[in-house]
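The structure appears below as structure tokens.
What follows is calculated from the coordinates using simple rules that are stated; it is not laboratory data. Quick caveat, the model's predicted, so the values are computed rather than measured. Every residue, glycine as well, gets a Cβ built from its backbone with ideal geometry; the counts of neighbours run over all protein chains shown.
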Amino acid sequence: MKLRPNQLLIILVILKLALPYILQSFSYEPHRDEFLYLEQGHHMAWGYMEVPPVLSVFAWLTHAFGDGMFWIKLWPSLFGAATFIVAGRIESISTTKENTFCINYRERSSKNRLTIFADAVINCMGPESDYEKLDDPLIKNLLKRGMIKTDQLKLGLDCTPEGIIIDKSGKRSPFLYTIGPPAKSTLFEITSVPEIRIAALQLADLVTSKQDELAY
């Protein structure tokens with residue numbers, strides 16, 4: 001039986017709402033980020049260092065409804081399901097004579113092609129992690145000389161957990177290191193300040209220890 005687009009959409013929405021309650025045991029505590037958001041619900045503000053203020057609103061609602069895991073999981077499940085309905089695919093962006101943007105996109109739910117005009121477009125797709133696609137003179141030169149290479153999944157640079165760059169031949173570089181998002185291929189969870197702070201300390205110890213070896 002062939003499903004219609006609307007029927008498939010309904011199934012995806014139901015799965016998105018239900019799977020977090022089915023796949024994750026209620027015996028587990030919230031993730032550390034969830035603890036952060038819940039705490040912000042006790043300290044409502046117009047903005048925070050790492051997250052937008054609306055998260056504190058839903059954290060406050062979670063507290064109001066009793067702090068249960070059901071409510072903690074509800075909001076991400078609800079908004080995740082909503083993306084199947086309101087999301088779309090941008091097909092083209094062009095400028096107009098009035099210096100505005102003409103955006104042609106296709107709705108995911110109805111497949112209709114629509115056009116909107118905007119004064120600004122914000123790219124929320126994140127940075128390019130495939131270094132072979134970067135148009136940066138330094139990166140292009142290092143790639144050309146084989147001193148760096150991307151990992152197999154194109155998440156960042158190939159390196160060791162300590163941040164030592166692995167060159168094109170598979171050898172550890174004696175003088176090139178990386179830290180933070182470029183090391184996602186190895187460490188993955190290395191995009192926030194706490195992890196980067198620890199990695200910076202470890203890398204500093206590694207570099208200084210090598211300098212001490214050279215001194216002797």
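What distance in nm separates the two pseudo spin-label positions at residue 169 and residue 193, each 7 Å out from Cα along the beta-carbon direction?
Going by the 7 Å Cα→Cβ label model, 4.2 nm.
Using 0.36 nm times the number of residues separating residue 108 and residue 96, minus their current alpha carbon distance, what extension gain do you get?
1.8 nm
What value, in deg cm²/dmol to 500, does the helix sum -39500 (n - 2.57) over DSSP H runs of n ≥ 4 give at 222 nm once divided by the residues of the chain?
Roughly -13500 deg cm²/dmol at 222 nm, from the helical runs in the chain.
Roughly speaking, what is the stretch gain from residue 23 to residue 10, that is 0.36 nm per residue apart minus the C-alpha to C-alpha distance, in nm to one decimal?
Residue separation times 0.36 nm, minus the Cα-Cα distance, leaves 2.7 nm.
Report the FRET efficiency, 1/(1 + (r/R0)^6), for residue 89 and residue 209, where r is their Cβ-Cβ distance and R0 is 41 Å, rounded to 0.05.
E(calc), rounded to 0.05, equals 0.25.
Please state the shape class of the stretch 27-67: rounded when a/c is under 1.5, otherwise prolate if a/b exceeds b/c and oblate if not, all from the C-alpha gyration tensor.
Here the stretch 27-67 falls in the oblate category.
Among [x] 62; [y] 31; [z] 47, only one was calculated for this model; which label is it, if the read-out is percent of Cα pairs over 26 Å apart?
[x]
Order of 125, 69, 147 from fewest to most other C-beta atoms within 10 Å?
125, 147, 69
Return the Cα extents of the stretch 5-86 along principal axes one, two and three, sorted largest first, each rounded to a whole Å.
42, 31, 21
Output ³J(HN,Hα) for the stretch 168-174: one whole-Hz value per residue in order, computed from phi by the Karplus curve 6.51 cos²θ - 1.76 cosθ + 1.60 with θ = phi - 60°, and x for Gly and Pro.
Computed from phi, the couplings for the stretch 168-174 are 4, 7, x, 9, 6, 6, x Hz.
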